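Read-outs throughout are calculated quantities, based only on the coordinates presented, and are distinct from any laboratory measurement. Predicted model, so just to flag it, every value in this text is computed and none were measured. Cβ coordinates were reconstructed from backbone atoms using ideal geometry, including for glycine residues, and neighbour counts include every protein chain displayed.
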Amino acid sequence: MKLPAKIKSWDLTVRGHKNLKNEVYKERLWKKISKNRTSYLMLAPFTVFFMVFTVIPVLVAMVLSFTNFNMAEFPKFVGLQNYFRLFLEDEVFIIALKNTLIFALITGPIGYILSFVFAWFINEFPSKIRAILTLMFYAPSLVGNVYFIWSYIFSGDQNGLINGALMQLGIVSTPIQWLTDTDYNLGVMIFVVLWLSMGQGFLSFVAGLQNMNKTYYEAAAIDGIRNRWQELRHVTLPQLVPQLLFGAVTSISSAFAVGYQNMALTGFPSTDYSTHTLLLHMLDFGTVRFEMGYASTVAVFLFALMLLSWMFVNRLLSKLSGD
Amino acid sequence: MRIIHKEGKKLNKAISGITAIGLICSVIFSNIAFTYCSADIVEDSLSNTVSEYSSYRIYSQQWEKEPTGKDSIIFNADTFETCEKNIEILPEFEGETNVIKLNEEIGYVTYRFSVQKAGKYRIGTYYYPVATGGTFEPNISFLIDNEIPFEEAQTVYLPKIFVSETDEIKQDKQGNDLRPRQIESPKWMEKDFIDNIGFNTDAFEIYLSQGEHTFTVAVTQEEIAFKSFKIYNVEKLKTYDEIKEEYKTMGYKEAEGEAVVIQGEDAFQKSHSDQYPEANIYSPNAAITPSDPAVTKLNIICGSKSQSSISWKVGVEESGLYKICARVLQNDDDKRGLFATRKLYINGEVPFKEASNIEFPYKSDWYNYIFGGEEPYLFYFEADKEYTLTLECVSGRLSEPLSVIETAITELNDICRQITMVTGVNPDLYRDYDFAKEIPDLFDRIDAVTNQLETAVSMFEETVGDLGSSMAEVEDILRQLKKFRKNPRTIPEQLSNFRVSVSSLSTWTYDMTKQWIAIDEITLLPRDIKMPRAKANIFSQSWFDIRAVLISFITDYNSISGAEGNRNITVWVATGRDQGNIIRNIVDDEFTPKTDISVKLSVTNPDNMTLLQATLAGKGPDVAMFVDKSQPVNLAARNLLVDLSQFDNFNEVTKAFYPSAIKPYEFNGGVYGLPNSQSFSLMFIRTDIFDELNISIPTTWDEFYKAVPFIQRNNMMIGMGGDNEGSNLYLFETLLMQKNSSFYNNELTKTALDTVEALDAFKMLTSFYTEYSMTLSYDFFTYFRSGIMPMAIADYTMYNMLSMAAPEIKGLWTVAPVPGIKMTDGTINNCVSTGGNCAVIFRSAADKNAAYDFITWWMQDDIQSRYSFDLESIMGPGARYNSANISAVNSLSWPKSAKTVINEQWKNAESFESLPSSYYISRNINNAFRAVVHDSENEREILNKYSLIIDNEITRKNKELGLDSKGA
C-alpha cells in the first residue's frame, strides 16, 4: 500500500490510523536514510565511538549508581541508598562539592573572561607577533602535564623557588608548605588552574576574532558607535556567539573536571580534603576503595551538575546574541 | 643520535644533573640555594677530599729528584710483626702456602723491612681476591712507618676477576641472545699499588730512606688473601723506536697471512661485573658483528671505569709482526673533542712505553682504529702460542692536568672555609669584611690557585688543542676567582655560588677520569689486509633498518617467552624489562626443567585497578608478583585470592622470613601473600661531621634529643622523613611499636589511638617538627651527600645508592639502628615499621598447585640470592634488591659493619595488620599530623577526632564486605 507523500502525518492521526502512520513513517525514514546513506556512512564512525565510549558508559554509570558494586562480585541492587548516603551522610562529599563549585565559579568564569580578554588584546597585534603570543598563552594547556613545574615553584623545600625567595627577602624564616598546608593549597590550586585555562576556548576566540566581518564595524561607526566598549558590546560579541558558546562549554567542563592537577600537586587525597573535588571523590571511591556503585553515584551527580550549568550558560549567551 | 644506556653513565648524568640544577638555582636566585646550609664543617664535606693529608701529586713532587730505588725486597705475608687482631695463618689456600686472609673486621697487619739503597719504590703484592659474591671493589689502605704517606693511600684498589658463567651465549625462544651472568673467578695475581680514581696512571712510588721501615696494610672493603708483598721498582719501559730496532735485529717481518679477528664480547675475563657482552644500542650500525634486525644479538663490550680492564685470548697461525686494529665507538659527550685512553697489556706486560697510552678519539659513529694511528705500531706474535690482550682504562694524558685540578680543589675548599670563618654562615651583604686584613694570605692563595688552574688549562690545551666547552667548569671558577681578586666586596655575595661551582668542578673531574669505549671487534692485521668498513653502507643500513621496523610489528614485547613444560601458569611481574629478563632466565634455568611447569611472564604494572579489572574481565594472571603490601587484603576481602596457609608445606616456606614480613598479608585467619621484598629504615650518619661536632651516634631518643641542638646550631638539618603521607605514617607506626602500642584494638574492629601510648607517640612525631623544627621537605640523597643533613632516617637500600653514587663521601658516613626507647630492664626498644611487596595467587588460577610451587620456589634462599646477584651484575651494584628472604640479603656483599646493623634492625622490625580500610588510616594520620604541624591544633583533640573518623570507616567497610567483627 502506498500513500501519496504529501499526506501529512497529522492527517493519519486524525483519522485514527495509528499503525498506518507508523508504517508510513518508517518507510519514509528508511527511504531518507538510504537516500542520504553516504552522509550516514560518514557519520557512522563517530557515532559508533560516541555510543561505545560516551553514551553507553554514562548509561551504565546511571544503572550502577543504584547498586553496590565492589568490582569483584556481581553488583547488588540497593535502590536509592547510595544517593541518601551521598547527600545525607558523606561529609567529604560536601567538601568536594564546595571545592568543585569554587573552581567552577572562580576559575571557570575568570578563566573564560581572561581567555576572551587576552584573545581580544592579541587580536590587535600584527599577525606574526599574534602567532607567537597565541602560542605562548596556549602552551600550558598544549603540553600535557606541564603543571608539574609548579610543584618545583611551590615546593615546601627551603630551596623551593618561592620559599627560597621569601626566605632570602626575610619575609618568612621557615619554608611554607604551600601544597600541604590547608591555609594555602586551595589558593595555589586556583592559581594553577587559572594559569592552565587558556585552552581550546581561547584558541576559538582568537580564530573568531580574526574572521570578523569588518564591514559591520564601519556600519556601526556610521550608526553612532562612540568607543571600543560599545563596539565590543554591540558588534564584536554578537558576531562571536558560536565561539563564545563553544568556549563556555569547554570552560565549564574543564572547571568541573578539575582534579588531576590537584592530585599531582597537593597529593591524593589532599590534607583534610582541602583541594578535593567531585572528580577526585569519584576516583577515591572507584580506585582506592573499590566502591564502584558509589563512585557512579558521584559521577551521575557531577554529570547532572555540568548539564545544568551548561543550560544556564546557554540561556545567558542566547540573550547576548539577541534572539 | 645516541642513546645513553650505560649504568655508570646514567649515574654520572644523574650526578651532573643534580649539580646542574643546583647551579641554575643558584644563578637565578643568587645565594638562595646554599645560604642556609653551611657551617665551616660543611665546607669540608662539600669538598671531594679529606684535606688532612696531601695528595699523591704533592707527595711525588716533593720526592721528584730522588733516584729510583734499586732494591727488591720481598716478604711473605705470614711474616708480620704486629697485627690488630689475631690472624690465622692458612697453611694452604687455593694452591698457595702460608697465606693470610684479611677483611674489614680483622684490621691491620704490620711488617718490618730494611732498605739498603734509598730511593723511590713501588709496592706490589701477590694476592687472591676471595669470591664473596659481592660487586664492591676490594680496597686496601696502607701506611709507611705508621703514617699515611698521602691521601690516596687510604683507598687502593686491587681488582677482582669476573668471567661469563657460560662461554656460549644462550638464546631465548625467539632467538634473542641472553646476557650471560658474570661470576667471580678469582686466582692469584700480582698487582702494584695504584691510585683507584685514576688521576695517576702509574703505580705509586714511595720514597724510602736507607734503614728500617714498617709497612702496614688493612683491607677496607671485601676480602683478600695475601701471599707476599714486594718493595721494588721497575726499569723504565722501552720506547717503540727501541722496540723497532729490536724487531730488526731479531729479523721479525710483518706477517702476510690471514687477519685474526676477536669479537669484543668474547672477552674471557674482566675486572668488573658490569663489563658484560651487550647489544649495540648506542649507535645503530648493521656492520657490527654479529647483527640481526629481528633479534637481540650481544655483539659489543663496553667499559669506562678507571682501572677496569678487559682481556681477550688470541693466537695466530703465522709468526710475525701484526698491527692491532679495533672497531670502536667513543661518543661519550664528556669526551667530545677529547679521547678515551687504554693501556695495552700483552700477556700482562705493557710491550713499550707508547702502548700505555692508546688514545681513541671522539667520533659520533663507529670507526676502525689502528693502534698507533698514522704510523701503526707492530706487535710480534708467535705462531701457535696463546696470548692475552688486556685493555685497561686509564686517564692517560689527561691524568696530569686532572691531578693538578684535583689538588686545586682541595685548596679552593680550604679558601672557602677560611672565608666562611670570617663572614659566618649567612654573610651580611652590606658589610665590608676587609678580607685583606682578616685573612692576610687570602689573595696570595687565590693567586696561587688561579695559577694552578691556569696551568691545568694550558696543559689541557697542549694535549687536546682546541678546548671547546670541555673546560667550562674550570673557566667558571677562574672567572669567579678573578672577580674575587678584583673586587673583594663581592665575595660574601658570591660565596654560595662559588661553593656550588667548586663542587661541580669536583664532579666534573671525577667524570673526566671515566673512559667509555664500546668495542665490537679487535683484529690482528697482517701486512696486506685492509680492515672492512667500520660502518655499513647506506643501502645495507637502510635495508637493515626497514627489516627491523617491519619485524617490530609482529614481536610481542610484553611477554617474555621461555622454556616450555606440560603445565602452564601466567605470571605478572611489576618490574622493569631488565628485571623481567633476569626472572625469565632464572625460571628457564632452574624452574621449568625441574618441575615441567612453563611460566608465561608478563611485565606489567599490577596496581590495584589493573589487577582487579583484569581479573573481573577474566584476563587476569594466575600469579602476580611484587604487589604492594596494601593490596592482598583488599583483594582477599573480595574473594579473589587463594589462602596460601592451606598448602601443606606453608610453615616450612615461611621460615625464610621474619614474621613481620608476612603479617601484612594475614587476613581472616588466612595468609594471602608471600613476601617478595621487605624494606625498613636505618639511621644514616655523617661520621666526619659528628666527629667534628664531637657528638656520638644516638641510640635512644634521649640521646637523639641531646644531639639535635649541636647539629641545628651549626645550621645543619636532620631528616626524619618529612611531610608526606608515607613517611608520616611510617614514623608514627615506628613510634607506636616502640611504645608497645598498635593501630587497632585486639579484635581489629576499632583503632586504638585513644590510648596514652598512642597520644605520646603522636606528640613525639609532631614535636619533631613543631618543637625541633626539623625540615618538612628535603631531598635526602643530595642533602646527605653535601653534608647539609648529617643525620637522617632513610630506607636501608639507600646504603648502596650512597656507596655507589656518592664516591666523594666514601668512608665519611655510616649507618646505625634507628633510636629507640630505653626500657626498664635497660634494653633499648628500637623497633621499626616495615613495608614491602608480595606475590599472590588468584582464585581463578587453573593450576593452583603449580602457582604455589612457583612462588615458593621463587622465595627460596638460593633463588633469591641468585636474583639479587644477577640484578647487581646486570644493572650495576646500585640496583640492590631488598629481598624479604633473610639469607638472601645476607649472602650479598655488605661491609661487615653495615651487615651487622642491617640484621640487628631487621630483627627488630615489625608490622601492623592490614585491613581493607587501611587506606583510611594513612590519609587521616596524615591529616591529623598536618593539623597539628601547620595549624597548631591540640594533639589529643585532633587524634581523637580522626580516630573516630577512622573507626566509622572500619565499621562501614566491614559491613560492606560482609566481614564479621573480627576482621583479620
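Points worth noting:
- Förster radius 56 Å - calculated FRET efficiency between B:Asp862 and B:Thr249 (Cβ-Cβ, nearest 0.05): 0.40
- Averaging Cα coordinates gives a centre for region B:858-881 and one for region B:202-277; these two points are 33 Å apart.
- In terms of distances greater than 31 angstrom between alpha carbons, the cross-link table entries A:Lys76/B:Lys629; B:Lys170/B:Lys230; B:Lys305/B:Lys907; B:Lys238/B:Lys385 yield B:Lys170/B:Lys230; B:Lys305/B:Lys907.
- Computed from the C-beta positions of B:Leu616 and B:Lys959, the FRET efficiency with R₀ = 30 Å rounds to 0.85.
- Extension gain for B:Val261 to B:Asp432 (0.36 nm times residue separation, less C-alpha to C-alpha distance): 54.6 nm.
- Cβ-based exposure ranking for A:Val55, B:Val502, A:Val63, in which fewest neighbours within 10 Å come first: A:Val55, A:Val63, B:Val502
- Close amide-amide hydrogen proximity is noted between B:Trp813 and B:Thr687, each under 5 Å apart and 5 or more residues distant or on a separate chain (H modeled in the peptide plane; Pro and chain starts excluded).
- In order along region B:917-924, the phi-based Karplus estimate (6.51 cos²θ - 1.76 cosθ + 1.60, θ = phi - 60°) of 3J(HN,Hα) comes to 9, 4, 4, 6, 5, 4, 6, 7 Hz; Gly and Pro are listed as x.
- Residue order, fewest to most surrounding Cβ atoms within 10 angstrom, among B:Thr79, B:Thr296: B:Thr79, B:Thr296
- The ellipsoid equivalent to the alpha-carbon distribution of region B:420-538 has semi-axes of 47, 15, 11 angstrom, derived from the gyration tensor eigenvalues as √(5λ) and listed largest first.
- Here the label points at B:Val756 and B:Leu90, each 7 Å from Cα along the C-beta direction, are separated by 5.8 nm in the simple model.
- The smallest convex shape that holds all Cα atoms of chain B, its convex hull, gives 200 Å³ per residue.
- Computed log₁₀ I(q)/I(0) - Debye formula, equal Cα scatterers, no solvent, region B:606-714, q 0.19, 0.23 Å⁻¹: -0.93, -1.27
- Rh (Kirkwood; distinct C-alpha pairs) - chain A, Å: 24.0
- Checking the Cα-Cα distances for B:Lys160/B:Lys187; B:Lys297/B:Lys600; B:Lys101/B:Lys896 against a 20 Å cut-off, the pairs over it are B:Lys297/B:Lys600.
- Separation between Cα centres of region B:108-166 and region B:561-623, rounded to whole Å: 46
- Rg over Rh, two decimals, region B:371-451 (C-alpha only, Kirkwood Rh): 1.41
- Ellipsoid semi-axes for region A:252-293, based on the Cα gyration tensor and the rule √(5λ), read 16, 14, 8 Å when sorted largest first.
- Under 25 Å from A:Lys26, Cα to Cα: lysines that are on another chain or at least 8 residues apart: A:Lys2, A:Lys6, A:Lys8, A:Lys18, A:Lys35
- Within region A:200-323, the percentage of alpha carbon pairs spaced more than 17 angstrom apart rounds to 68%.
- Those aspartates and glutamates that a straight Cα-Cα span of less than 18 Å connects to A:Lys31, excepting residues fewer than 8 apart in one chain: A:Glu23
- A DSSP coil position with no more than 15 other Cβ atoms inside 10 Å describes the following trypsin sites (Lys or Arg not before Pro) in region B:583-647: B:Lys619.
- Residues within the reach of a label modelled at A:Leu308 (point 7 angstrom out along Cα to beta-carbon, backbone nitrogen below 12 Å), restricted to region A:88-116, are A:101.
- Annotation for B:Lys173 and B:Lys117: the two label points, set 7 Å from Cα along the Cα-Cβ direction, are 7.0 nm apart.
- Spherically averaged projected area in nm², based on the convex hull that wraps the Cα atoms of region B:244-301: 7.0
- Principal axis analysis of the Cα atoms in the protein assembly as shown yields extents of 131, 83, 79 Å, listed in decreasing size.
- For region A:99-172, the convex hull drawn through the C-alpha positions has a volume of 154 cubic angstrom per residue.
- Spin-label model, B:Asp528/A:Phe53: points 7 Å from Cα along the beta carbon direction are separated by 6.8 nm.
- Translational diffusion coefficient (Stokes-Einstein; Kirkwood radius from C-alpha pairs) of region A:254-323 at 25 °C, 0.890 mPa s, in µm²/s: 181
- Spatially proximal lysines relative to B:Lys486 (Cα-Cα < 23 Å; intrachain offsets below 8 disregarded): B:Lys437
- Net lengthening on full extension, B:Glu242/B:Gln541 (0.36 nm per residue, minus Cα-Cα): 103.2 nm
- Residues B:Arg336 and B:Asn146, FRET efficiency given R0 of 56 Å [Cβ-Cβ distance, rounded to 0.05]: 0.75
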